[in-house]
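Novice: Right, I'll just put the structure down here and ask away after.
The values are calculated or read from the model by the stated rules, or taken from the named source; none is laboratory data. Given the structure is predicted, the values throughout are model-derived calculations rather than measurements. Here Cβ is always computed from backbone atoms with ideal geometry, including for glycine, and neighbour counts include all displayed protein chains. The protein model used for the area step is the full one, side chains on, heavy atoms only, and it has no ligands, DNA or RNA in it. Shrake-Rupley method; radii C 1.70, N 1.55, O 1.52, S 1.80 Å.
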Amino acid sequence: PAERQAGRVYRLPTEAEWEYACRAGTTTAYSFGDDESLLGDFAWFGDNSGSQTHPVGQKRPNGWGLYDMHGNVWEWCSDWDGGYGAAAATDPQGPASGSYRVLRGGSWDFTARRCRSAFRYWNSPSIRRSNFGFRLALSPSGARSPEASE
């Protein structure tokens, strides 16, 4: 109640917001560069996870101090799955509806390639798995969550 009174809205990030946070100002395959052999320093993935989820913060953070942006668990985004438009866009929005929501980041049971900053995955929002999770975004005061109508 106090958070609502303060005008704070917590929500799933859009896919564009998620990727922006993951990249932390980089344009490389991973937030730490293009060298896939360094992924184990930053992520739990198929090669080092022991086939399980790990507590957040055990690996190195990205350049903005965010932990587990690569690997550990796939993170739900608020966007419905759909193709990208042909033109360049800033903060693009996904389709208005759909059957599948976007997940980003890779997980403990996937390859390094699927943990890249740009890799996209999707699934039905009704699915629950041990390698699916989420992180929240804080909207500016008074903003409405994209999922609020659902």
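Novice: Scanning segment 79-108 for residues that are within 15 Å of Cys22 (Cα to Cα) and among the charged types (D, E, K, R), which turns out least open to solvent (accessible area, probe 1.4 Å)?
Specialist: Within segment 79-108, the match that is least open to solvent (accessible area, probe 1.4 Å) is Arg104.
Novice: Out of the residues in segment 45-78 that are more than 16 Å from the chain's Cα centre (by Cα) and farther than 22 Å from Gly33 by Cβ, which is surrounded by the most Cβ atoms within 10 Å (Cβ to Cβ)?
Specialist: The qualifying residue surrounded by the most Cβ atoms within 10 Å (Cβ to Cβ) is His54.
Novice: Follow-up. Looking at segment 126-150, which of its residues are at pLDDT 90 or above, open to solvent by 40 Å² or more (accessible area, probe 1.4 Å) and aliphatic (A, V, I, L, M)?
Specialist: Across segment 126-150, the qualifying residues are Ile127, Leu136, Leu138.
Novice: Next question, about the same structure. Scan segment 88-107 and report the pairs whose first residue is at negative phi and whose second residue is open to solvent by 80 Å² or more (accessible area, probe 1.4 Å), with Cβ atoms within less than 6 Å and a gap of 6+ or a chain change.
Specialist: Close Cβ pairs (under 6 Å, with a partner that is open to solvent by 80 Å² or more (accessible area, probe 1.4 Å)) amount to Tyr100/Trp122; Val102/Trp122.
Novice: Using the structure shown, decide if Arg4 is under 21 Å from Asn123 (Cβ atoms) and of a type in the set (D, E, K, R).
Specialist: So Arg4 does not fit the description; no.
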